[in-house]
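Notes for the one structure printed next.
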Amino acid sequence: MDFEYSPRVQDLRKRLIAFMDEHIYPNEAKYYAHVRSDKRWEPVPIIEELKPKARAAGLWNLFLPHSKRVPEGLSNLEYAPLCEIMGRVTWAPEVFNCSAPDTGNMETIERYGTEEHKRQWLDPLLRGEIRSAFLMTEPAVASSDATNIQCRIKREGDNYVINGTKWWSSGAGDPRCKVYIVMGKTDPDNASRHSQQSMILVPANTPGVKILRYLPVFGYDDAPHGHMEIELKDVKVPASNILLGEGRGFEIAQGRLGPGRIHHCMRLIGQAERALEKMCKRATARVAFGRTVAEQGVTRERIAESRIMIDSTRFMVLHAAWKMDVAGNKVAKQEIAMIKVLAPTMACQVIDWAMQVHGGGGVSDDYGLANAYAHARTLRFADGPDEVHRNAIAKQEIANQTSVAEALAGKKH
């Protein structure tokens, strides 16, 4: 395993840091002024202004590997340090067309879509002209077990008719969101629960699609992105919109969620790094009980622990990225599950300590830490809750250790 950055990645990293310094950090106030205004459900002007500059700088669509449409796409290992830098500011990834859920949806259409799907939806997504959403989670069932999904996708002649309610459909609040990837049951009576589910492309303006409400996260509406509850009532789409074929929903989900999960972890490292930076600056600038906060033993301990936790997580993420590249997402499933538990937990703790150093300001909107914490906390649910990943890790570990024990016992005989 060699995690040294290649010359190409070193160059991209240098250009990305310069872009962040020149265009992203100086415009944070402008971004938040818009999303807190009465126009917050409209596209953010500063993001639209910066997209052409990012593209001209060669910092566009870097997330998508192995695509003839995106020759600039990087491997997971190459993308990791760049995604981390983008993640330092929650809205920055969109500037580079590298934001969720579009990245996962683009990868899904690239891998599993037909050429017509790619022409109609992938190409405008890659150009940053439209946005998308992924509709899987449902309010009526425990969606951490995806076999529970009840949304019905029923074949009727040359069409599928869809009925169900989805929620936490992130990105569906954006007026530029033009397509959904919907997961639901095409064959509810199949003996294999994993073969009951399929995924299908649904244009957002299809009759019968109704956004019921947005769902705030700790009071943040995340406009214009939003996390929406959506009703699908007798929604009719062409049968050709099915991805890969009936009963292939779980197969697609595993292919989609691997990269999505690791991208979240990469961005969380960036968020934690930014929080640690703010913690150190605040601690050295404030005096309490005759000493700077940085001189207080508990603060130094937390700063040290933060550095250890961040670097430990980074190395595990790089290892998972390397394994995904050399062995594939399926083989790397345990490593992906481990970082998906580790990274949000780490980020929540580091951000929490940074908030503590900021005192009352830490829970306000002045320093961006409360917003960062809300975002990091949701990622202990998104793409599978901690408990599901821990269960998968444990099952795999028991299988591995049992096999080892049996092999050793065989040698003794």
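Exactly one of (1) surrounded by 15 or more Cβ atoms within 10 Å (Cβ to Cβ); (2) farther than 30 Å from ARG15 by Cα is unmet by ILE130. Its number?
Every listed condition holds for ILE130 apart from (2).
Quick one: which of LEU50, LEU59, LEU16 is more than 24 Å from PRO224 (Cβ to Cβ) and either surrounded by 15 or more Cβ atoms within 10 Å (Cβ to Cβ) or under 21 Å from the mean Cα position of the chain (by Cα) (or both)?
Just one listed residue meets the conditions, LEU16.
Is there a residue in segment 267-283 that is without any contact (Cβ under 8 Å) to a residue 60 or more places away in the chain, farther than 25 Å from GLY164 by Cβ and of a type in the set (Lys, Arg)?
yes
Quick one: what pairs do we get from segment 300-311, first residue closer than 13 Å to ALA347 by Cβ, second surrounded by 13 or more Cβ atoms within 10 Å (Cβ to Cβ) and modelled with pLDDT of 95 or more, C-beta under 6 Å, 6+ apart or different chains?
Qualifying pairs under 6 Å: SER306/LEU276; SER306/VAL350; MET309/MET346; ILE310/ALA272.
Among the candidates ASP11, ASP2, single out the residue that is without any contact (Cβ under 8 Å) to a residue 60 or more places away in the chain, assigned to a helix (DSSP H, G or I) and either acidic (Asp, Glu) or not assigned by TED's automatic domain parsing to the domain that holds ARG55 (or both). Give the steps one after another, and end with the answer.
On the way: ASP2 fails: assigned to a helix (DSSP H, G or I).
That would be ASP11, the only listed residue that is without any contact (Cβ under 8 Å) to a residue 60 or more places away in the chain, assigned to a helix (DSSP H, G or I) and either acidic (Asp, Glu) or not assigned by TED's automatic domain parsing to the domain that holds ARG55 (or both).
Conditions tested, residue by residue: (1) of a type in the set (A, V, I, L, M, F, W, C); (2) part of a helix (DSSP H, G or I); (3) under 27 Å from MET316 (Cα atoms).
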{"position": "ARG88", "(1), (2), (3)": "no, no, yes"}
{"position": "ASN97", "(1), (2), (3)": "no, no, yes"}
{"position": "ALA100", "(1), (2), (3)": "yes, no, yes"}
{"position": "MET106", "(1), (2), (3)": "yes, yes, yes"}
{"position": "LEU125", "(1), (2), (3)": "yes, yes, no"}
{"position": "SER132", "(1), (2), (3)": "no, no, no"}
{"position": "PRO139", "(1), (2), (3)": "no, no, no"}
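Is it the case that some residue within segment 288-295 is farther than 29 Å from SER37 by Cα and either aromatic (Phe, Trp, Tyr) or in the same structural domain as ILE149 (by TED's automatic domain parsing) (or both)?
Yes, because at least one residue in segment 288-295 is farther than 29 Å from SER37 by Cα and either aromatic (Phe, Trp, Tyr) or in the same structural domain as ILE149 (by TED's automatic domain parsing) (or both).
Is it the case that segment 364-381 has a residue that's in contact with a strand residue (DSSP E or B) (Cβ under 6 Å, 6 or more places away or on another chain), within 19 Å of LEU257 (Cβ to Cβ), modelled with pLDDT of 95 or more and not charged (D, E, K, R)?
Within segment 364-381, one or more residues are in contact with a strand residue (DSSP E or B) (Cβ under 6 Å, 6 or more places away or on another chain), within 19 Å of LEU257 (Cβ to Cβ), modelled with pLDDT of 95 or more and not charged (D, E, K, R).
Tally up the residues in segment 256-290 that are surrounded by fewer than 20 Cβ atoms within 10 Å (Cβ to Cβ) and at pLDDT below 95, please.
Qualifying residue count, segment 256-290: 5.
Condition check: more than 20 Å from ALA100 (Cα to Cα) and under 25 Å from the mean Cα position of the chain (by Cα). Does ALA382 satisfy that?
no
Could you list, in sequence order, the residues of segment 1-55 that are closer than 27 Å to MET316 by Cβ and small (Gly, Ala, Ser)?
If the condition is that a residue be closer than 27 Å to MET316 by Cβ and small (Gly, Ala, Ser), then SER6 is the only one that fits.
The values are calculated or read from the model by the stated rules, or taken from the named source; none is laboratory data. Since the model is a prediction, treat every value here as computed from it, not as a measurement. Methodologically, a virtual Cβ is constructed for each residue, glycine included, from the backbone with ideal geometry; neighbour enumeration extends over all protein chains shown.
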